[in-house]
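Novice: Next up is a structure, given as structure tokens.
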Amino acid sequence: MVETGIEELFVGSFHHSLDPKRRLIVPSGWRALMGEAPRLYVFPHPDRKCLYLYTLKEMNRRLRQLRESGAADAQDEQAIRAMTASADALAVDAQGRVRIKDELLAHAEVKSKVVLVGTLTRIELWSEEQFDMALPALSPLAETAFYGGY
């Protein structure tokens, strides 16, 4: 399969503090990847103390994938309902800030400092303390993908 376009990916990490109104600045380079009306969709990870942030483009890709996978049964619908009920949609303001709901910040155990991590097609948000505990991890799949061959 030949790729027809180049997709920009989220990479790198950024340490930030929430401002007094508990807003967070999205790095300008990442905002540029989000298009003209930057939006983020925030989901709490079910097993980790972090949040997954997806762009509108990535959410649409995932929705297409879900639709193409066939009919969802009642269990699938309930799982989707549970995931989306705890999620949020955010508009990035003119200064590049977003306000994530307190419930979502509490899930990630964020007090005031966060780490934003680009993980290719999404951004992960961790509290500084939880992020330090999540590293390092070894994975043959990741090592092959990033350090193996050409």
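Novice: Explain nothing, just the number: dipole magnitude of the range 13-79 about its Cα centre with +1 on each Lys and Arg Cβ and -1 on each Asp and Glu Cβ, in debye rounded to the nearest 20.
Specialist: About 380 debye.
Novice: Rounded to the nearest 500, what is the chain's calculated 222 nm mean residue ellipticity when only DSSP H runs of at least 4 contribute -39500 (n - 2.57) each, over all residues?
Specialist: -9500 deg cm²/dmol
Novice: Count the lysine pairs in the range 13-147 whose Cα atoms lie under 21 Å apart, taking only pairs 8 or more positions apart in sequence or on different chains.
Specialist: Lysine pairs satisfying the spacing and distance rule in the range 13-147 number 8.
Novice: Now, a different point. Normalised by the number of residues in the chain, what is the relative contact order in percent for Cα pairs under 8 Å and 6+ residues apart?
Specialist: About 34 percent, as a whole number.
Novice: Right, another one. Using the crude model of +1 on Lys and Arg Cβ and -1 on Asp and Glu Cβ, and no other charge, please compute the dipole size for the range 1-120 relative to its Cα centre, in debye to 20.
Specialist: 500 debye
Novice: Working out 0.36 nm times the residue gap between Ala79 and Ala142, then minus their Cα-Cα distance, what length gain in nm do you get to one decimal?
Specialist: Net length gain for the segment: 19.9 nm.
Novice: Choose one of Met34, Ser86, Val98: the residue whose Cα lies farthest towards the positive end of the charge dipole of the chain (beta-carbon charges +1 Lys, Arg; -1 Asp, Glu; about the Cα centre).
Specialist: Farthest towards the positive end: Val98.
Novice: Take the alpha carbon atoms of the chain, find their radius of gyration, then divide it by 2.2 N^0.38 Å using N residues; give the quotient.
Specialist: Values: Rg = 16.5 Å, N = 150, 2.2 N^0.38 = 14.8 Å.
Ratio of Rg to 2.2 N^0.38 Å for the chain: 1.12.
Novice: Then there's this: For the range 99-120 and the range 1-67, what is the centre-to-centre distance using only Cα atoms, to the nearest Å?
Specialist: 13 Å
Novice: With r defined as the distance between the Cβ atoms of Phe14 and Leu66 and R0 fixed at 35 Å, what FRET efficiency is calculated, to the nearest 0.05?
Specialist: On the way: r = 30 Å, r/R0 = 0.85.
Approximately 0.70, to the nearest 0.05.
Since every read-out is calculated from the coordinates, none of them should be taken as a lab result. What you see is a predicted model; the values in this text were computed from it and never measured. Cβ atoms come from the backbone with ideal geometry, glycine included; neighbour counts cover every protein chain shown.
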